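Please treat every number below as a calculation from the coordinates, not as lab data. Source: prediction; values computed, not measured. Note that we place each Cβ from the backbone using ideal geometry, even for glycine, and neighbour counts take in every protein chain shown.
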Amino acid sequence: MSEVISNRRLQNGATLWGMLGVIMVILFFTMLTIKILPSYIENQKFQKALDNLAEDQAAVKWNRHQMIKSLTNRLYIDFADETLDLSEAFSISKTRDARVLTISYEKVIPLAFNISALLDFENSAEISLK
């Protein structure tokens, strides 16, 4: 009889609470992915638009306003033109050999109740002056 009791103590498996805990963790990361992934996909559209602008040979002579207009037109095609104010997020800096175009912005994504995720993006591309 004591042998049967000791065998039961050795047999431990997943309990209901353990399984619920695993399911909750999986659901949490699934929800997090569903909420945050579209922002990363949208950010790829901004980087693609910057890269395309940097490849345009005429952009070397453009001013900031013309570049913003070109970026807006490129983002309009990808349905991303209204998600970001380029007049605030877009900047141009110069080095000796190139102009560096940068789109820098933050995005706050509400997750649940008063919990939010802050995503900080910075995309850049260079236009060679040579």
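Things to note:
- Report summary: the helix-based calculation at 222 nm, which adds -39500 (n - 2.57) for every DSSP H run with n ≥ 4 and divides by the residues of the chain, gives -17000 deg cm²/dmol.
- Anisotropy class of segment 30-82 from Cα gyration tensor, a/c 1.5 cut: prolate
- Relative contact order [Cα under 8 Å, 6+ residues apart], the chain, whole percent: 22 percent
- Assuming charge only on the beta carbon of Lys and Arg (+1) and of Asp and Glu (-1), the dipole of the chain about its Cα centre is about 180 debye to the nearest 20.
- 0 to 90° range, to nearest 10: angle between helix 16-55 axis and the chain longest Cα axis: 10 degrees
- Where Rh is the Kirkwood radius over Cα pairs, Rg/Rh for the chain: 1.37
- Reachable lysines from LYS94, criterion Cα separation under 30 angstrom, eight or more residues apart if same chain: LYS45, LYS48, LYS61, LYS69, LYS107, LYS130
- Pairwise centroid distance, computed over Cα atoms, of segment 46-61 with segment 116-130, Å: 13 Å
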